[in-house]
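Structure, as structure tokens:
The values are calculated or read from the model by the stated rules, or taken from the named source; none is laboratory data. What you see is a predicted model, and the numbers here were worked out from it, not measured in a lab. Backbone-built Cβ (ideal geometry, glycine too); neighbour counts: all protein chains shown.
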Amino acid sequence: MTVLALDVGGTKLAAAIVADDGTPLEARSVPVPRQDVWGACAGLLRQVAGMGAGPVTAVGIAAAGPVDTITGTICPINIPEWSAGFALVEAVRGLFPGARTELVSDGAAATLAEQRFGAGRDVTDLIGVVVGTGIGGGLVLGGRIVSGRTGNAGHIGHIVSPYGTTVCACGGVGCVETVSSGPSSVRWARAHGWEGRDGVALAADAEAGIGIAAAALERAGTALGQAIASAAALADVERVVVGGGFARSGGHLWRPMLASAARHARLRFIQRLRIVPAELGALGSLTGASIVAAGHDWIT
Ligand SMILES: [Zn+2]
């Protein structure tokens, strides 16, 4: 049985063969091209499929949201070519006729992977949060993805934040993504006189004791903690796994995040909430997509 996984992110496409223990083998990735995104996806899939021992039996697709698991289409905010929706499942089926093909949101895939093989393997109920250029997430209850009607449950980045004042990429106003994502934090710091380039520089400057950089991370972390406490109460979970590039910003982000979550998570059933770093890294979505595609009943 050869299971392939494809991850269509906002900035990067990745594909791999995934072993039974969830390890992506021979993973390949390319930046999302401006044009012919499907051509790039197909090229990656053909490349990794050629490394398999036998015919491809299943393909799991993790995609940046919004996804539509009813129609098998996706329209990621960061891929303009597909803004009207692209029938990704149908296209993948065309490449591998006969293979089982499943689509999940990348946040849900990453969360399921953490529950099976990562920082949530000792619990069955958790929320995953992916803090990077945007803020994604997923919800796993009873060891299965809660996908919602169209596959988008768990979009924690679009919980409204008390700090939020600006228009979000989703069209709404004040989503936590507009406060706590890497680019949003950089934008706030720059508006307050910081002159650095990106989220990595922001974290380094906070670590070096530059006040405005530390304040930007404190604001981001506090808002994230509030959103996490809200979501944890809604979903009744005991674990939240936080990953993504900007989540690696260190204590200046994590301390205020944990403190504000503790301040707001007061109900008895979430008082033991633990917020921990993701363990699987950027390839977690590939692992999660492969688990779904392998045919077990992993989606509610
Ligand atoms: Zn939004």
- Message: Take residues that are assigned by TED's automatic domain parsing to the domain that holds residue 155, touching an Asp or Glu at 6+ places or on another chain (Cβ under 9 Å) and within 16 Å of the ligand (Cβ to nearest atom) and tell me which of the helices (runs of 4 or more DSSP H) falling wholly in the range 167-286 contain 1 or more.
- Response: 182-191
- Query: What residue, among those in the range 158-172 that are surrounded by 15 or more Cβ atoms within 10 Å (Cβ to Cβ) and in contact (Cβ under 8 Å) with a residue 60 or more places away in the chain, is farthest from residue 72 (Cα to Cα)?
  - Reply: 163
- Query: Looking at this structure, is residue 289 in contact with a Gly (Cβ under 7 Å, 6 or more places away or on another chain) and crowded, with 19+ Cβ neighbours inside 10 Å?
  - Reply: yes
- Query: Restricting to the range 22-57, what's the tally of residues that are assigned to a loop (DSSP other than H, G, I, E, B) and over 21 Å from the mean Cα position of the chain (by Cα)?
  - Reply: 9
- Which condition breaks for residue 71 when tested against (1) closer than 22 Å to residue 275 by Cα; (2) away from the ligand (no atom under 14 Å from the Cβ); (3) touching a residue at least 12 places away in the same chain (Cβ under 8 Å)? (1)
- Query: Given the conditions (1) at pLDDT below 95; (2) touching a helix residue (DSSP H, G or I) at 6+ places or on another chain (Cβ under 9 Å); (3) not aromatic (Phe, Trp, Tyr), which single one is not true for residue 63?
  - Reply: (1)
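Within the range 145-157, can you find the residues that are more than 10 Å from the ligand (Cβ to nearest atom) and either in contact (Cβ under 8 Å) with a residue 60 or more places away in the chain or among the aromatic types (Phe, Trp, Tyr) (or both)? Even if it seems obvious, please write down each step before you answer.
The first filter runs over the range 145-157 and keeps only residues more than 10 Å from the ligand (Cβ to nearest atom), leaving 145-154, 156.
Selection gives 145, 146, 147, 149, 150, 151, 152, 156.
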